[in-house]
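Asker: Before I ask anything, here is the structure I am working with.
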Amino acid sequence: MCRQREHGLLKRLRRDPWFRLGGSLFLLLALAAAFGPPLAPHDPFLMDSAPFARPSAAHLLGVNDCGQDIFSELLHAVRNTVVFGVVCAAAGLAVGVLIGVAVGWFGGMADLALMRLGDVLMAVPSVMVLILVAAVFRPHPLTLALILALMTWPGTSKSIRAQTLIVRQSLHVRAAVQFGGGSWHIISRHLLPELLPLCLIGFSAKCRMAMFMEASLAFMGLIDPGRKSLGMMIQYAMKYYYMSIWWNWLLPPLAALSLLLLTITFVVISLEQALDPRLRESAAE
């Protein structure tokens, strides 16, 4: 039954134009993030070119104020932003799913305590915590990603918990309990496959939020300036707005960040439409 459901999901996604567009953009950006830095024509940290040099065959997007190749800098910045988003989303999803499934299945005092802790964390603005930690301690960006993940797990855990409470009452789960199936067997074989679509949506949403947060912190100068970032490139380029460099220095990181966010948005829209029966019915009408 699970395989038939997964096959139906893949079939609906392949027909969805949002998913095709988002998947194509994702593949393009994934290739740029994975293979772009090793294939970059120049070392993005090397200051051996004439500052503000125009785009040419040697420098496809020109040179910045420090004599660094902008195209090579952009490739490294895209990878760093994507890695930050993926690490934060994966860690936040893992914690949220682990807590949500555990409290939804076992219940008890742990359910009450962890859900109240989640309420407290949801009331605290994560952006203010990140700004404070980044400004005072200047940690590694991946440390910031993990802190953001620990701040944002409650939303995932609450939705996973609610779905777990529904699935545990289904006939096949109750039958597995009656036949003596252990908790780990039921969770791994019955609950998690049912929760997979919800996990995909949660991962996509967290990844989008984390990439935007990373670019915002870099734009404010709260991330190591020696680390290439789209936000940092935008900030540096805006200092020279009075020069005719907006299209070759400012526009590329803006376009790359916008494409990253749009890609995740398209994937989230397609997943929600494929998984929510109400959205499928409205689309059919």
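The values are calculated or read from the model by the stated rules, or taken from the named source; none is laboratory data. Model, not experiment: these values are computed from the prediction. FYI the Cβ positions are ideal-geometry reconstructions off the backbone, even for glycines, and counts take in every protein chain you see.
Asker: On the basis of being closer than 25 Å to Arg12 by Cα, modelled with pLDDT of 90 or more and part of a helix (DSSP H, G or I), does Thr164 make the cut?
Answerer: Criteria met by Thr164.
Asker: What are the residue pairs meeting all of these: first residue in region 115-136, first residue without any contact (Cβ under 8 Å) to a residue 24 or more places away in the chain, second residue in a loop (DSSP other than H, G, I, E, B) and not hydrophobic (A, V, I, L, M, F, W, C), Cβ atoms under 8 Å, and 6 or more apart or on different chains?
Answerer: Val133/Pro139
Asker: Got a number for residues in region 137-186 being of a type in the set (Lys, Arg), over 22 Å from Met211 (Cα atoms) and in contact (Cβ under 8 Å) with a residue 12 or more places away in the chain?
Answerer: 3
Asker: Is there a residue being surrounded by fewer than 19 Cβ atoms within 10 Å (Cβ to Cβ) and among the small types (Gly, Ala, Ser) anywhere in region 114-121?
Answerer: Looking through region 114-121, none of the residues is surrounded by fewer than 19 Cβ atoms within 10 Å (Cβ to Cβ) and among the small types (Gly, Ala, Ser).
Asker: Can you spot a residue in region 31-45 that is under 24 Å from Pro193 (Cβ atoms) and out of contact with any strand residue (DSSP E or B) (no Cβ under 6 Å at 6 or more places or on another chain)?
Answerer: No: zero hits.
Asker: For a quick check of your reading: which helices (runs of 4 or more DSSP H) sit entirely within region 16-124 and have at least 1 residues that are β-branched (Val, Ile, Thr)?
Answerer: Those helices (runs of 4 or more DSSP H) span 70-106, 108-123.
Asker: Then there is this: Taking the stated definitions as given, is Ser258 surrounded by fewer than 20 Cβ atoms within 10 Å (Cβ to Cβ) and among the hydroxyl-bearing types (Ser, Thr, Tyr)?
Answerer: Against the criterion (surrounded by fewer than 20 Cβ atoms within 10 Å (Cβ to Cβ) and among the hydroxyl-bearing types (Ser, Thr, Tyr)), Ser258 qualifies.
Asker: Return only the number of the condition from (1) over 20 Å from Gly107 (Cβ atoms); (2) modelled with pLDDT of 90 or more; (3) more than 18 Å from the chain's Cα centre (by Cα); (4) surrounded by 15 or more Cβ atoms within 10 Å (Cβ to Cβ) that Leu132 does not satisfy.
Answerer: That leaves (4) as the condition not met.
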